[in-house]
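My structure is below; once you've seen it, I'll send some questions.
The values are calculated or read from the model by the stated rules, or taken from the named source; none is laboratory data. Note that the coordinates shown come from a computational prediction; the quantities given were computed from them, not determined experimentally. We place every Cβ from the backbone using ideal geometry, glycine too, and count neighbours over all the protein chains shown. We work out accessible area using only protein heavy atoms, side chains counted, and drop any ligands, DNA or RNA first. Shrake-Rupley method; radii C 1.70, N 1.55, O 1.52, S 1.80 Å.
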Amino acid sequence: MAPKDNDVAKPIKLILSDVDGVLTDGSITIDNAGIESKTFHVRDGHAIRLWCKAGFQFGLLTARNSHIVKIRAAELGITLVRQGFEDKLPAAREMIQQAGCEPHEVCYIGDDLPDLSVMYEVGLSATVEDAASEVRQNAKWVMTSPGGRGAIRELVERLLKAKGLWDECIPNRVS
């Protein structure tokens, strides 16, 4: 029998997220001048703000180095950012320690093989609908949204609802 969402979500204090394929659809566009661009979904950004407003932490961990990630992190107030780590586990362990958390208090969402080592380490492993099959098979939670199309929004909503905090996070809610 699978554990209930509220049991799984209760200890989670930190979400760590991959970038390409989770916060984006995985596409990397490089123009003729060599300028890279990525597309982020506004609902994911709003969800990150809600998660942090509810008193939790959010971090980004990516194998690539991208100035765009620095810009997006700054826009969202994310200070826990590590880029350029093909072996993500050591960086994840450092981030978890920096956040003052234990691995069982962390949710990690990734979409491809380099994410598996971190997914095995944390309390809640999550992935996007269009992740690599090995990642979907090893994730505790699989979002119904693909990467870059609201998967983080879906994850945050599911966690906050399971924690009983969703209703108070909705602004201007009429009872």
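Counting only protein heavy atoms and using a 1.4 Å probe, what share of the accessible area of the stretch 1-100 belongs to carbon plus sulfur, as a whole percent?
The value for the stretch 1-100 is 51 percent carbon and sulfur by accessible area.
Kindly provide the Kirkwood hydrodynamic radius of the stretch 130-175 in Å, to one decimal, from all pairs of distinct alpha carbon atoms.
Across the stretch 130-175, the inverse of the average 1/r is 12.1 Å.
Given points 7 Å out from each Cα along the Cα-Cβ axis, report the Glu75 to Glu102 separation in nanometres with one decimal.
3.7 nm
Moving on to the next point. From the convex hull of the Cα coordinates of the chain, what is the mean projected area in square nanometres?
10.5 nm²
Additional query: Starting at the first residue of the stretch 96-113, write each ³J(HN,Hα) from the Karplus equation 6.51 cos²θ - 1.76 cosθ + 1.60 with θ = phi - 60°, in whole Hz, x for Gly and Pro.
4, 5, 4, 7, x, 10, 9, x, 5, 9, 10, 10, 10, 10, x, 9, 9, 3
Relative contact order of the chain, please, whole-number percent, based on alpha carbon pairs below 8 angstrom and at least 6 residues apart.
Rounded, it is 28 percent for the chain.
Over the stretch 31-70, with a single point scatterer placed on each C-alpha, what log10 of the ratio I(q)/I(0) does the Debye formula yield at q = 0.20, 0.27, 0.34 1/Å?
Taken in order of the listed q values, log10 I(q)/I(0) reads -0.77, -1.03, -1.14.
To continue, here is another question. How much net charge surrounds Leu89 when only other residues with a Cβ under 12 Å from its Cβ are counted (Lys, Arg +1; Asp, Glu -1)?
-2
On to the next question. So in the chain, what percent of DSSP beta bridges are antiparallel if you round to the nearest 5?
So the antiparallel bridges amount to about 10 percent of the total.
Which lysines does Lys88 reach when only Cα atoms under 23 Å apart count, and residues fewer than 8 places away in its own chain are ignored?
Partners found: Lys13, Lys38, Lys70, Lys140.
With point charges of +1 on the Cβ of Lys and Arg and -1 on the Cβ of Asp and Glu, referenced to the Cα centre of the chain, which listed residue (Pro11, Val128, Asn65) lies farthest in the positive direction of the dipole?
Pro11
Using alpha carbon coordinates only, what is the Rg to Rh ratio of the stretch 1-42, with Rh defined as the Kirkwood radius?
Reported Rg/Rh (Cα atoms, Kirkwood Rh): 1.27.
Packing-wise, with mean Cβ within 10 Å as the measure, how do 61-71, 16-26, 152-162 rank, highest first?
Averaged packing, sorted descending, gives the order 16-26, 152-162, 61-71.
Find the all-direction average of the projected area of the Cα convex hull for the stretch 1-104, expressing the result in square nanometres with one decimal place.
7.9 nm²
With the other protein chains left in place, how much accessible area per residue, in square angstrom, belongs to the stretch 60-122 at a 1.4 angstrom probe?
48 Å²
How large are Rg and Dmax for the stretch 74-175 when calculated on the C-alpha trace, in angstrom?
Cα radius of gyration and Dmax of the stretch 74-175 are 14.7, 48 Å respectively.
Sticking with the crude label model, points 7 Å out along Cα→Cβ, report the distance from Arg64 to Cys52 in nm, one decimal please.
2.2 nm
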